[in-house]
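Read-outs throughout are calculated quantities, based only on the coordinates presented, and are distinct from any laboratory measurement. In this text, all values refer to a predicted model and were calculated from it rather than measured experimentally. Cβ coordinates were reconstructed from backbone atoms using ideal geometry, including for glycine residues, and neighbour counts include every protein chain displayed.
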Amino acid sequence: MNVARLHRPNARDPGVLTGFAGALVPLDLLPRVPNRSEALRSDVARKRRLGPLGSRPTSCTLHSRRCRGVVLGCALLVLMAIGLGCSRETSRRTNGVTPPASAPDNARWLLEGTNDTRFIRVAQHLRGFDMAMVETGYRYTELYWAGQDRNWDYAKYQVEKIRTAVRNGIERRPARAKSAQMLESALPGVEEALRAKDPVRFADRFAALTATCNACHHAERVPFVHVQTPATRMSPVGPHPVPRGSP
Ligand code: HEC
């Protein structure tokens, strides 16, 4: 196919921009290059149109050099504006934002830096599986005393919260997920005893839960965290008062 590179403007009329640099197009799609006499004739016509000082043409079409210049100038401005916006966004991502002067000093740790570094900081404060276990330890103790008090609703509430704590802990530390599955048989056993409101069955299922806690501690290489049946109460929550007048 007959092709030509478009990086050179038309030699006869340097003002004619024929295309993007280096693009290859079929010759028959190019504007036809006028021969010498045609060019002379059009040059005379152009001078007549513009007058001796080359004053501005009366109508502005896309083919006139001036208008093309304006269009290109506008395009350049738009590109510069987009570039500026992008670089601002990149700098916000890489350098982060400085907190406003009005921000209290004790909030700066959370406001400074990029969003990524701020999230990492929050994650560090939220901690890992250990905090899930501190909470689980507390709720395990409360569960025990709720069972002793026959406060079945409070006991049920604690089982649900143990589930939530472990689930969130696994989300933060997915490596613990496989071992944590052992709770999935121990907790339903406790719930069954709670539904039956059966203190004997509760004692049995609670012992099974304790064994599960320790089995996981062995599996996860923290056997020194040895869980045993609570001996002291930790919270002020006591037996649910029996409403006056009830049997
Ligand atoms: C995934 C298996 C797993 C199960 C199930 C499990 N634990 Fe843990 N527990 C751990 C791990 C792992 C640690 C150590 C956490 C760390 O090093 O970040 C831990 C630590 C603890 C701690 C010490 C927390 C601290 O930092 O002071 C307590 C208390 C605890 N567990 C109680 C329990 C109780 C009670 C149960 C049962 C209801 C239980 N755990 C069930 C894995 C488990």
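Descriptive notes on the structure:
- Rounded, prolate or oblate (a/c below 1.5 giving rounded, otherwise prolate when a/b exceeds b/c) for region 128-219 by Cα gyration tensor: prolate
- In a fully extended conformation the segment linking Arg195 and Gln181 would gain 2.8 nm over its present Cα-Cα distance, using 0.36 nm per residue.
- Take the Cα of Ala203, step 7 Å toward its Cβ, do the same at Arg244, and the gap between the two points is 3.5 nm.
- Fewest-first ordering of Thr212, Thr229, Thr136 by other beta carbons within 10 Å of each residue's beta carbon gives Thr229, Thr212, Thr136.
- Environment charge at Ala177 (Cβ cut-off 15 Å; Lys +1, Arg +1, Asp -1, Glu -1): +3
- Residues in region 224-241 carry Karplus couplings, in order, of 5, 7, 9, 8, 9, 3, x, 10, 10, 6, 10, 10, x, 6, x, x, 5, x Hz; the curve used is 6.51 cos²θ - 1.76 cosθ + 1.60 with θ = phi - 60°, and Gly or Pro positions show x.
- Taking label positions 7 Å along the Cα-Cβ direction at both Tyr157 and Ala215, the computed distance is 3.0 nm, reported to one decimal.
- At q = 0.15, 0.18, 0.32, 0.33 Å⁻¹, base-10 log of I(q)/I(0) for region 155-199 (Debye sum, equal scatterers on each alpha carbon): -0.42, -0.56, -1.13, -1.16
- Long-range amide H partners of Gly113 with built H, under 5 Å: Val97
- For trypsin sites (Lys or Arg not before Pro), the sites in region 176-247 that DSSP calls loop and that have at most 15 other Cβ atoms within 10 Å are Lys197, Arg221, Arg233, Arg244.
- Computed from the C-beta positions of Trp109 and Ser235 and an R0 of 25 Å, the FRET efficiency is 0.20 to the nearest 0.05.
- Chain lengthening between Thr98 and Gln228 when straightened (0.36 nm per residue, less Cα-Cα): 41.8 nm
- Region 96-220 - charge dipole about Cα centre, Lys and Arg +1 at Cβ, Asp and Glu -1, debye rounded to 20: 140
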